[in-house]
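Engineer: Have a look at this one.
The values are calculated or read from the model by the stated rules, or taken from the named source; none is laboratory data. Computed from a predicted model, the values in this text were never measured in an experiment. Positions of Cβ are backbone-derived with ideal geometry, glycine not excepted, and every protein chain shown enters the neighbour counts.
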Amino acid sequence: MNSRKELINHFALMTEIIDQHQEGKRDVTFRVFRFNPQVDSKPYFDDYTISAERGITVLRSLNYIKEHVDPSLSFRAFCQAGICGSCGMRVNGTSKLSCTSQVWDELDKCREPGIIKVEPLRSMPIIKDLIVDMDPLVDKMKRYSNWIDSTMPLAEMGKKEFLVSEEEFHRYDKATDCILCASCVSECSILRANKEYVSPAVLLKSYRMNVDSRDSIHDVRLAELVKDHGVWDCTHCYRCQESCVKSIPIMEAIHSIREDALECRGPKDTSGAKHAEAFMEDIEKKGKLVEATLPIRTNGVVWTLRNLLPMAMKMIVKRRTPPPPPLVKPAKGIKIFRAMFREMSEHVKQDHLKSHKK
Amino acid sequence: MKRYAYYMSCINESMTKEVDRSIDFWQKDLGLEFVKLHEGTCCGGSNLDYVSPKHFALVNARNIALAEKMGLDLIVSCNTCLMTIRTAKKKLDETPALKKEVNDILKKEGLEYRGTSEVRHLLWVLVDDVGLDTIKAKVTVPLKNYRIAPFYGCHILRPSTVLGRDNPLAPSSLDQLIEALGGQTIPFEHKNRCCGFHTLLVAEEESLNVAAEALEEAINAKADFIVTPCPLCHTVLDGYQAKALKQAHIENSIPVFHISEMVGLALGYTAKQLGIKRHIVC
């Protein structure tokens, strides 16, 4: 009897779910991060269950909750159209804009069925609930001089125009799409490990300014970017690029700053530059990376002994140390490879001559 | 027998020799034949692309062209080599002028980059080509008592415009492989996170913090071991483990396996044969 009753209940529930789905309406729970540092000793989560229609966004759901369920819930939002960048937050663990995140799409990504988790962006101080403090990011924008300091003398301003070629425009066109939503900042692996790190949004903006011919402080900016916690600390995890709500290839911008640093300041300028250049040297010489001397070539003998000696001893015991340079076997056919590699070096030289003439 | 050209990553010829060694044990068991590319050169390790974009295109066009000459797909067992070579391939396929410039040089060696060979990870070959059912049927020592934390690493997932096999937010291929071998995957927040390898020599403290977070989660979840498809992730999570955990004030340890070793164990090879004893943590 019991099992028959259970079966009937089960069918009733199934019918309700199917009906709701067909109508494009269903009950959805938003598990929202709450924290008011002035009152709460620690953060907590509140569950809000509302009836949500197909097509509704996470932001509209939060607006509904604030208007009809809990006016104390705090979040930032403005344009509701993916333009202003105000409503960056983590939805189901991923940093994004809540105004362009469809509830129906998010339901497929829930860890617990039917429960959408909403949290503030990471790596930024929390002001209240989903509102984070953007000031540290703004301060970094200032530290790296992320504005155009015009090459045009003040007296000529307004009398002459700046001509920007189409080729130059395309170099920073995509970077100017950034709306400073800070999703990339929230996803950055290194910023999570050290709050001093420059952060991807700041690097992107620095790149955008540094490739602009109207700007006069390229060298000042670059000198700051190669210091500690700057461009060489990026660990190439691509989380910034993957989370960018405007699909900006942020890593390409970071790589371009590094390429620029190697060209303008030389390969021996910083440990990051030395490390990168070592790859080029080894490939030309052996076609293979000479890992045994990579730490020394990057940071010198003293650093290597102090930092890596205990681990090197363990590796010797386990027979997993990289072979010393003379024992690194060059790739088969290295002679012809080297000739081709050097031929490409000539091409690169010619390219540089042409671009400098321009 | 399915044949592939096998790219020999620098790290697998120096610090993580056990990767290629363990693959050699079981490749025939799974109907695979990997032809080693001894002429292949370093891919540039996610650095050459900005040191010199044109040399980056040349060396990787050559790596792929060597496989194309044999009419085979190029198989890679290091995430960063995979991402790097696929990035170069995308650039070459999208930029005819670069492809022509590179091919004019490659002619010297009788090579031509055409873009006909795919560049794929060993993990994808196991899951997609060999297939989970075949793998299940070949298992002789199921990993049934093991709770396993799958650590995918970055460069098999991101950038997704270059990789594209797994959903970078919810990857599943490694989980599927673990289950096919009879193991139990555990929910692991850090499965798609970073190991910190690429800044180990430049920002060591930050890199070790990144690694310690992943290790800590696996330890707290009482995983028996972490498994990774990337020898660079392995180097941090195993080789630098003691240093990372010390920095994070965590007194514990956890073994880290390569996927090639995990497959070998389930197919009946011993830890000693597979080189697991050579790990720093074992």
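Engineer: Can you tell me which residue within segment B:252-274, out of those that are within 14 Å of chain A (Cβ to nearest Cβ) and surrounded by fewer than 24 Cβ atoms within 10 Å (Cβ to Cβ), is farthest from A:ARG319 (Cα to Cα)?
Structural biologist: B:SER253
Engineer: Something else now. Return yes or no: is A:ALA278 buried (at least 16 other Cβ atoms within 10 Å of the Cβ), of a type in the set (Gly, Ala, Ser) and in the same structural domain as A:ALA223 (by TED's automatic domain parsing)?
Structural biologist: For A:ALA278, the condition - buried (at least 16 other Cβ atoms within 10 Å of the Cβ), of a type in the set (Gly, Ala, Ser) and in the same structural domain as A:ALA223 (by TED's automatic domain parsing) - is not met.
Engineer: Given (1) within 11 Å of chain B (Cβ to nearest Cβ); (2) over 20 Å from A:MET141 (Cα atoms), where does A:ASP269 come up short, assuming only one miss?
Structural biologist: (1)
Engineer: Now for a separate question. Could you tell me which of the residues A:CYS264, A:CYS237 is touching a residue at least 24 places away in the same chain (Cβ under 8 Å) and surrounded by 21 or more Cβ atoms within 10 Å (Cβ to Cβ)?
Structural biologist: Just a single option satisfies the conditions, and that option is A:CYS237.
Engineer: Which residue out of A:CYS240, A:CYS184 is closer than 23 Å to B:PRO159 by Cα and touching an Asp or Glu at 6+ places or on another chain (Cβ under 7 Å)?
Structural biologist: Of the residues listed, the single one that is closer than 23 Å to B:PRO159 by Cα and touching an Asp or Glu at 6+ places or on another chain (Cβ under 7 Å) is A:CYS240.
Engineer: Let me ask something else about it. Just to be sure before I move on: is A:LYS314 touching a His at 6+ places or on another chain (Cβ under 6 Å) and either closer than 18 Å to B:VAL236 by Cα or not in a helix (DSSP H, G or I) (or both) in the structure I sent?
Structural biologist: For A:LYS314, the condition - touching a His at 6+ places or on another chain (Cβ under 6 Å) and either closer than 18 Å to B:VAL236 by Cα or not in a helix (DSSP H, G or I) (or both) - is not met.
Engineer: Another question, then. Before we move on, is B:LEU201 touching a Lys or Arg at 6+ places or on another chain (Cβ under 7 Å) and either farther than 22 Å from B:GLU18 by Cβ or at the interface with chain A (Cβ under 9 Å from one of its Cβ atoms) (or both)?
Structural biologist: Answer is no for this residue.
Engineer: Still on this model: Could you check segment A:49-82 and list, in sequence order, the residues that are without any contact (Cβ under 8 Å) to a residue 24 or more places away in the chain and either aromatic (Phe, Trp, Tyr) or not assigned by TED's automatic domain parsing to the domain that holds A:GLY93 (or both)?
Structural biologist: A:TYR64, A:PHE78
Engineer: Go through segment B:96-153 residue by residue and tally those that are more than 14 Å from every other protein chain (Cβ to nearest Cβ) and on the phi > 0 side of the Ramachandran plot. Give the derivation first.
Structural biologist: Pass one, segment B:96-153, residues more than 14 Å from every other protein chain (Cβ to nearest Cβ): B:96, B:114-150.
Filter once more, keeping what is on the phi > 0 side of the Ramachandran plot: B:115, B:131.
Looking only at that region, the number is 2.
Engineer: Scan segment B:67-81 for residues that are surrounded by 24 or more Cβ atoms within 10 Å (Cβ to Cβ) and more than 20 Å from B:ASP24 (Cα to Cα) and jot them down.
Structural biologist: B:THR80
Engineer: Out of the residues in segment A:251-261 that are in contact (Cβ under 8 Å) with a residue 24 or more places away in the chain and within 10 Å of chain B (Cβ to nearest Cβ), state the one that is surrounded by the fewest Cβ atoms within 10 Å (Cβ to Cβ).
Structural biologist: Within segment A:251-261, the match that is surrounded by the fewest Cβ atoms within 10 Å (Cβ to Cβ) is A:ASP260.
Engineer: Also, I was wondering about something else. From the list B:GLU39, B:GLU112, B:GLU33, exactly one residue is closer than 19 Å to A:MET280 by Cα, surrounded by fewer than 24 Cβ atoms within 10 Å (Cβ to Cβ) and not assigned by TED's automatic domain parsing to the domain that holds B:ASP175. Which is it?
Structural biologist: Within the list B:GLU39, B:GLU112, B:GLU33, the selection yields B:GLU39.
Engineer: Of the residues that make up segment B:255-268, is at least one closer than 28 Å to A:LYS195 by Cα and not in a loop (DSSP other than H, G, I, E, B)? Steps first, please.
Structural biologist: First, the residues of segment B:255-268 that are closer than 28 Å to A:LYS195 by Cα: none.
No; the residues of segment B:255-268 include none that is closer than 28 Å to A:LYS195 by Cα and not in a loop (DSSP other than H, G, I, E, B).
Engineer: Would you mind finding the one in A:CYS178, A:CYS184 that is closer than 26 Å to B:LEU208 by Cα and touching a residue at least 40 places away in the same chain (Cβ under 8 Å)?
Structural biologist: A:CYS184
Engineer: Here's a check for you: in segment B:20-46, which residue that is of a type in the set (A, V, I, L, M) and under 17 Å from B:ARG62 (Cα atoms) is farthest from the other protein chains (Cβ to nearest Cβ)?
Structural biologist: Of all residues in segment B:20-46, those of a type in the set (A, V, I, L, M) come to B:23, B:30, B:32, B:35, B:37.
Applying the additional criterion that residues be under 17 Å from B:ARG62 (Cα atoms) yields B:35, B:37.
Numbers: B:VAL35: 13, B:LEU37: 9 Å.
Filtering segment B:20-46 for residues that are of a type in the set (A, V, I, L, M) and under 17 Å from B:ARG62 (Cα atoms), the one farthest from the other protein chains (Cβ to nearest Cβ) comes out as B:VAL35.
Engineer: Let me ask something else. For B:ILE148, indicate whether it is closer than 19 Å to A:SER243 by Cβ and either buried (at least 24 other Cβ atoms within 10 Å of the Cβ) or modelled with pLDDT under 95 (or both). Full working, then the answer.
Structural biologist: Working: closer than 19 Å to A:SER243 by Cβ: no; either buried (at least 24 other Cβ atoms within 10 Å of the Cβ) or modelled with pLDDT under 95 (or both): yes.
No.
Engineer: Moving to a separate point now. Just give me the residues in segment B:57-84 being over 23 Å from B:CYS195 (Cβ atoms), assigned to a helix (DSSP H, G or I) and of a type outside the set (S, T, N, Q), in sequence order.
Structural biologist: B:ALA57, B:LEU58, B:VAL59, B:ALA61, B:ARG62, B:ILE64, B:ALA65, B:LEU66, B:ALA67, B:GLU68, B:LYS69, listed by residue number.
Engineer: In segment B:1-29, which residues are within 20 Å of B:MET70 (Cβ to Cβ) and aliphatic (A, V, I, L, M)?
Structural biologist: Hits for segment B:1-29 are B:MET1, B:ALA5, B:MET8, B:ILE23.
Engineer: While we're on this one: Can you name every residue in segment A:187-238 that is facing chain B (nearest Cβ under 7 Å) and under 10 Å from the mean Cα position of the chain (by Cα)?
Structural biologist: A:SER189, A:ILE190, A:HIS236, A:CYS237, A:TYR238
Engineer: Out of the residues in segment A:285-309 that are among the aliphatic types (A, V, I, L, M) and under 22 Å from A:ARG342 (Cβ atoms), which is surrounded by the most Cβ atoms within 10 Å (Cβ to Cβ)?
Structural biologist: Here the residue is A:LEU289.
Engineer: Which members of segment B:269-279 meet the condition of being in a loop (DSSP other than H, G, I, E, B) and over 24 Å from B:ILE156 (Cα atoms)?
Structural biologist: B:TYR269, B:THR270
Engineer: Pick from A:PRO295, A:PRO310: which is more than 17 Å from B:HIS279 (Cα to Cα) and facing chain B (nearest Cβ under 10 Å)?
Structural biologist: Answer to the selection: A:PRO295.
Engineer: Only residues that are on the phi < 0 side of the Ramachandran plot and within 9 Å of chain B (Cβ to nearest Cβ): list them for segment A:241-250, please.
Structural biologist: Passing the criteria: A:GLN241, A:GLU242, A:PRO249.
Engineer: Let me ask something else about it. Across segment B:47-70, which residue is farthest from the chain's Cα centre (by Cα) among those that are more than 7 Å from chain A (Cβ to nearest Cβ) and among the basic types (Lys, Arg)? If you could, list the steps in order and put the result at the bottom.
Structural biologist: Residues of segment B:47-70 more than 7 Å from chain A (Cβ to nearest Cβ): B:53, B:56-57, B:60-70.
Within this subset, residues satisfying the condition of being among the basic types (Lys, Arg) are B:62, B:69.
Numbers: B:ARG62: 20, B:LYS69: 24 Å.
In this case the residue turns out to be B:LYS69.
Engineer: What residue, among those in segment A:111-156 that are assigned to a strand (DSSP E or B) and touching a Leu at 6+ places or on another chain (Cβ under 8 Å), is surrounded by the most Cβ atoms within 10 Å (Cβ to Cβ)?
Structural biologist: A:VAL118
Engineer: Could you grab the pairs with beta carbons closer than 8 Å, sequence gap of 6+ or different chains, first residue in segment A:330-341 and facing another protein chain (nearest Cβ under 7 Å), second one of a type in the set (Lys, Arg) and surrounded by 14 or more Cβ atoms within 10 Å (Cβ to Cβ)?
Structural biologist: These pairs meet every condition: A:ALA331/A:LYS286; A:ALA331/A:LYS288; A:PHE337/B:ARG62; A:MET340/B:ARG62.
Engineer: What number of residues in segment A:75-106 are closer than 13 Å to A:ARG31 by Cβ and surrounded by fewer than 19 Cβ atoms within 10 Å (Cβ to Cβ)?
Structural biologist: 1
Engineer: Moving on. Given A:ILE296, A:ILE283, A:ILE336, which one is modelled with pLDDT of 95 or more, in a helix (DSSP H, G or I) and in contact with a Gly (Cβ under 9 Å, 6 or more places away or on another chain)? Give the steps one after another, and end with the answer.
Structural biologist: On the way: A:ILE296 fails: in contact with a Gly (Cβ under 9 Å, 6 or more places away or on another chain); A:ILE336 fails: in contact with a Gly (Cβ under 9 Å, 6 or more places away or on another chain).
That would be A:ILE283, the only listed residue that is modelled with pLDDT of 95 or more, in a helix (DSSP H, G or I) and in contact with a Gly (Cβ under 9 Å, 6 or more places away or on another chain).
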